[in-house]
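Any read-out appearing in this document is the output of simple, stated calculations on the displayed coordinates, not a laboratory observation. All of these numbers come straight from a predicted model, not from anything done at the bench. Backbone-built Cβ (ideal geometry, glycine too); neighbour counts: all protein chains shown.
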Amino acid sequence: MRKLTPELLDHLSHDDPGAIRSRRDLRRVNHFMGNNSWILNHISSDAESITEIGSGDGHLLALISKKLPDAELTAYDLAPRPGNLPRRINWIQGDILHQPPPRIGGILIANLFLHHFTDKQLSSLAPWLHHFDTLIVNEPLRSKFPLLLGKAAYPFIHPITRHDMRVSIEAGFVINELPTLLHLDGHGFSTRESATWRGSVRLFSQKEHKFN
């Protein structure tokens, strides 16, 4: 069963020294888990519109901006726009649960973000996600082995990251949970899921008309 505990990073100012160090740790964790590479490999070279929710420091969209210089890129996050973000990326600040739905179509990315929400909130967010043609989702795998891997990293990461890593895994998902919580089966999506030994559960889902 998922256990949701508040993460420390979510309640710190974006310019807090501990928050800055923890976001740096998260980039290293993403690299170790291969998350960014997996997401980039699942974005087609002809993608025209890409939206990321929970963009954090904007690092992933900055990488996508280099790969796809002509794509329309949009970020949603509670934090203000990072100062070093490429100017072409549209940044929308605010609670995603209170944002109007975006235009229909394009790719939606959620990387280590959906585990912050309760099952009820994910159900409420589902219609918002259904506006997109493609969903690329990477979340923590709720399992004992990722917890052990996280403990092995403790000497190298900030105390904020240590705390948040544990609670993120406890709030994570196992195979078949996300498609159910996001109501994908009844809305024309064809979905593939996988789990990795490094601690990710990954979902790639496209509306079936995209295959025709």
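Observations, loosely collected:
- Peptides 94-103, 143-152, 129-138, ordered by how many other C-beta atoms sit within 10 Å of their residues on average, highest first, read 129-138, 143-152, 94-103.
- FRET efficiency for Asp10 and Asp46, using Cβ-Cβ distance with R0 set to 41 Å, rounded to 0.05: 0.70
- Going through (1) 17.5; (2) 18.1; (3) 19.1, the figure that equals Kirkwood radius over Cα pairs in Å as computed for the structure here is (1).
- Each residue of segment 3-14 was assigned a 3J(HN,Hα) from its phi angle through the Karplus curve 6.51 cos²θ - 1.76 cosθ + 1.60 (θ = phi - 60°); the sequence is 10, 9, 10, x, 8, 4, 4, 5, 10, 9, 4, 4 Hz, with glycine and proline shown as x.
- Between amide H atoms placed 1.01 Å from N, distances below 5 Å from Glu72 occur with Ser49, Ile50, all of them 5 or more places distant or on a separate chain.
- Order by protection proxy (mean Cβ within 10 Å, highest first), peptides 106-112, 160-166: 106-112, 160-166
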